[in-house]
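Data first, discussion second: the structure below is written as structure tokens.
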Ligand code: HEM
């Protein structure tokens, strides 16, 4: 057995002529002590969910048809006829929802611990890119179902885009694939959802993780620390075991949600009948409410400014720090979070 094992090891060494000691040492970076507690490890959760999304998404693609005449029926077939189709669809939808929740929680943790500051500006920028791609995934995915609400949400999205100054009209035409929502729009949403966004997210995640590996994770210190205790612990196997336990727990929660709350199917899209109450998915409620409170131009301007401030926050924070000589990030963060929560709840309870 041992001889067989050493022969395999030798063969592998021959095929991959690299120094395994250096390679394993480069992976095995010391991890700050606070990551022993699972709630500081939220960053790993979206990574797990991305794998589930790709696996279930591929399975759905075997049956989904990106054609306005057949899209709705293909989703109905997946939900009601294909063996375990409802389950795969449910896992896909719940993974998407949990992905958005976990990315937002991860942003909260990074923001409120100031972990985006120098030298981690690029880590934040790549992370912010992933957030926008995740939202793009959600928007295009919702529209693929081709039920009334998904069709009209896509219409509202395209109309909003066309109101952007200078480039808006061309951008909206590009998204729609013409002057109106139709067959070409669905093809484009499909291409973005199953091709462009997965590739983009993979690249951004690799860049994000390379940055995290290069800089290490910001060390946080707490009052309950034991004096003299080492500030770090081993990535392998200690941190890997924590991440594996989180992964198993996540799969249990995801499976429970998927089985207890399977997705439904609304009315088939009808371009001639505008529904009385159009609502996007809950994660876009805050933008939708903001749109209702102001004119389209002002709403877009505010969202654009907020988006730019968010993406470039590490630099904005630095300038604010120099101007005021105080750390304004916490009050600004609390105001931003409360605004989003209030607008979301408002839209949720409004009819
Ligand atoms: C799919 C999305 C994402 C994944 C899978 C991901 C993954 C991770 C992981 C595994 C870590 C290591 C520490 C931890 O677990 O908290 C981390 C750190 C970090 N992330 Fe993300 N992330 C994502 C999105 C984002 C977003 C949207 C932002 C900000 C806009 C962001 C900013 C950061 C920063 C600044 C760090 C360094 C924190 C530190 O040094 O303590 N990430 N990310």
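The values are calculated or read from the model by the stated rules, or taken from the named source; none is laboratory data. All figures in this text were calculated on a predicted structure; none of them were measured in a lab. Ideal geometry is used to build each Cβ from the backbone, glycine not excepted, and the neighbour counts take in all protein chains shown.
Side notes on the structure shown:
- Of the residues making up the range 185-201, none is within 16 Å of the ligand (Cβ to nearest atom), in contact (Cβ under 8 Å) with a residue 60 or more places away in the chain and in a loop (DSSP other than H, G, I, E, B).
- Count of the range 6-56 residues which are within 16 Å of the ligand (Cβ to nearest atom), over 17 Å from residue 238 (Cα atoms) and surrounded by fewer than 13 Cβ atoms within 10 Å (Cβ to Cβ): 1
- Test result for residue 102, closer than 17 Å to residue 140 by Cα, touching a helix residue (DSSP H, G or I) at 6+ places or on another chain (Cβ under 6 Å), within 16 Å of the ligand (Cβ to nearest atom) and modelled with pLDDT of 95 or more: no
- Any hit, the range 37-52, residues being without any contact (Cβ under 8 Å) to a residue 12 or more places away in the chain and farther than 30 Å from residue 221 by Cα: yes
Per-residue answers, yes or no, for (1) farther than 29 Å from residue 267 by Cα; (2) at pLDDT 95 or above; (3) more than 12 Å from the ligand (Cβ to nearest atom):
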{"residue": "85", "(1), (2), (3)": "no, yes, yes"}
{"residue": "98", "(1), (2), (3)": "no, yes, no"}
{"residue": "112", "(1), (2), (3)": "yes, yes, no"}
{"residue": "117", "(1), (2), (3)": "yes, yes, no"}
{"residue": "140", "(1), (2), (3)": "no, yes, yes"}
{"residue": "149", "(1), (2), (3)": "no, no, yes"}
{"residue": "157", "(1), (2), (3)": "no, no, yes"}
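- Neighbours by Cβ (under 8 Å, 6+ apart or cross-chain): first from the range 161-178, in the same structural domain as residue 298 (by TED's automatic domain parsing); second modelled with pLDDT under 90: none
- Any chance residue 280 is more than 27 Å from residue 124 (Cα to Cα) and in contact with a helix residue (DSSP H, G or I) (Cβ under 6 Å, 6 or more places away or on another chain): yes
- Candidates 236, 257, filtered to the one that is more than 30 Å from residue 80 (Cβ to Cβ), assigned by TED's automatic domain parsing to the domain that holds residue 145, in contact (Cβ under 8 Å) with a residue 24 or more places away in the chain and not in a loop (DSSP other than H, G, I, E, B): 236
- Matching residues in the range 260-286 - criterion: being under 16 Å from residue 68 (Cα atoms) and assigned to a loop (DSSP other than H, G, I, E, B): 265, 266, 267, 269, 270, 271, 272, 273
- Boolean, residue 219 is in a loop (DSSP other than H, G, I, E, B), touching a strand residue (DSSP E or B) at 6+ places or on another chain (Cβ under 9 Å) and either surrounded by fewer than 21 Cβ atoms within 10 Å (Cβ to Cβ) or at pLDDT below 95 (or both): yes
- Among the residues listed as 65, 75, the single one being assigned to a loop (DSSP other than H, G, I, E, B) and more than 21 Å from the chain's Cα centre (by Cα): 65
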